[in-house]
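What follows is one structure encoded as structure tokens, with my remarks underneath.
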Amino acid sequence: MIVIFKKRKKKKNVTIKESPEWLKKSLIAVEQRPLNNIVDVTNYVMLDSAEPMHAFDAEKLEGNIIVRKAIKGEKITTIDGGEYCLENSDTVITDREKVLAIAGVKGGKGAEITNSTKMVILESANFNPTSVYRTSKRIKLETDASRRYGHGMSSIKAQKGMERALQL
């Protein structure tokens with residue numbers, strides 16, 4: 001299975017900044033640490049609508065976004081600094097050079113949002129629940145996203161989550 005998503009029209013010159021107070025307070029109330037306006041919106045949408053989302057720095061991507069099975073032995077450093085060795089049963093999000101995320105589990109450092117980010121790609125998806133569950137358990141990394149995807153998600157949630165994130 002390989003799915004390729006061509007880069008779509010992106011908003012340029014995005015400003016990464018502190019989130020508004022209402023958003024920070026909403027996240028803190030559910031024990032989430034506010035980071036910045038883009039990441040906070042993706043976390044808020046997940047908590048508000050149950051649709052996990054991820055944001056990529058578009059300028060750090062080499063080519064298109066690809067969703068595929070991992071190659072045994074591929075490695076990823078996640079945004080929290082964890083290092084994982086992948087198996088061919090794991091689903092990953094990549095570009096033509098590197099693994100960007102463990103699909104449905106955790107994003108990687110390779111295209112994370114930073115203060116210098118100027119272009120953003122938002123991801124709202126629906127991943128195979130069995131694959132996400134098994135990967136999460138195998139690598140011993142349980143996240144809010146993996147708990148949701150691991151129980152199965154309606155494909156309608158992905159569309160609704162994206163609509164809400166773009167609205168915010």
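Take HIS151 and LYS137, extend 7 Å from each Cα along the Cα→Cβ direction, and tell me the distance between the two endpoints in nm.
In this crude spin-label approximation the distance works out to 1.6 nm.
Using only Cα atoms, tell me the angle between helix 37-49 and the longest principal axis of the chain; keep it within 0 to 90° and round to the nearest 10.
In the chain, helix 37-49 runs at an angle near 80 degrees to the longest axis.
Could you work out the Rg to Rh ratio of the chain, with Rh taken as the Kirkwood radius (inverse of the mean 1/r over all Cα pairs)?
Radius of gyration relative to Kirkwood radius: 0.94.
How large, in Å, is region 8-72 by the Kirkwood hydrodynamic radius built from its alpha-carbon pairs?
13.8
How high is the relative contact order of region 44-103, in percent, with contacts defined as C-alpha pairs under 8 Å that are six or more residues apart? Walk me through the numbers before you get to the answer.
Details: 88 pairs, mean separation 17.8, N = 60.
That works out to 30 percent.
Name the long-range amide H neighbours of GLY108: under 5 Å, sequence gap of 5 or more, or other chain; modelled H, no Pro or chain starts.
ILE79, ALA101, ILE102
Dipole of the chain, Cα-centred, from +1 at each Lys and Arg C-beta and -1 at each Asp and Glu C-beta, to the nearest 20 debye?
In debye, rounded to 20, the chain gives about 440.
Can you give the relative contact order of region 108-168 as a percent, counting alpha carbon pairs under 8 Å and 6+ residues apart?
38
State, as an integer percentage, the relative contact order of the chain based on alpha-carbon contacts under 8 Å between residues 6 or more apart.
In percent, rounded to a whole number, it is 24.
Of LYS17/LYS72; LYS24/LYS69; LYS118/LYS157; LYS25/LYS157, which ones are farther than 30 Å apart at the Cα?
From LYS17/LYS72; LYS24/LYS69; LYS118/LYS157; LYS25/LYS157, over 30 Å: LYS17/LYS72; LYS24/LYS69.
Any read-out appearing in this document is the output of simple, stated calculations on the displayed coordinates, not a laboratory observation. Predicted model only: the values in this text are computed from it and were never measured. Don't worry about glycine lacking a Cβ; one is built from the backbone with ideal geometry, like all the others, and counts go over all protein chains shown.
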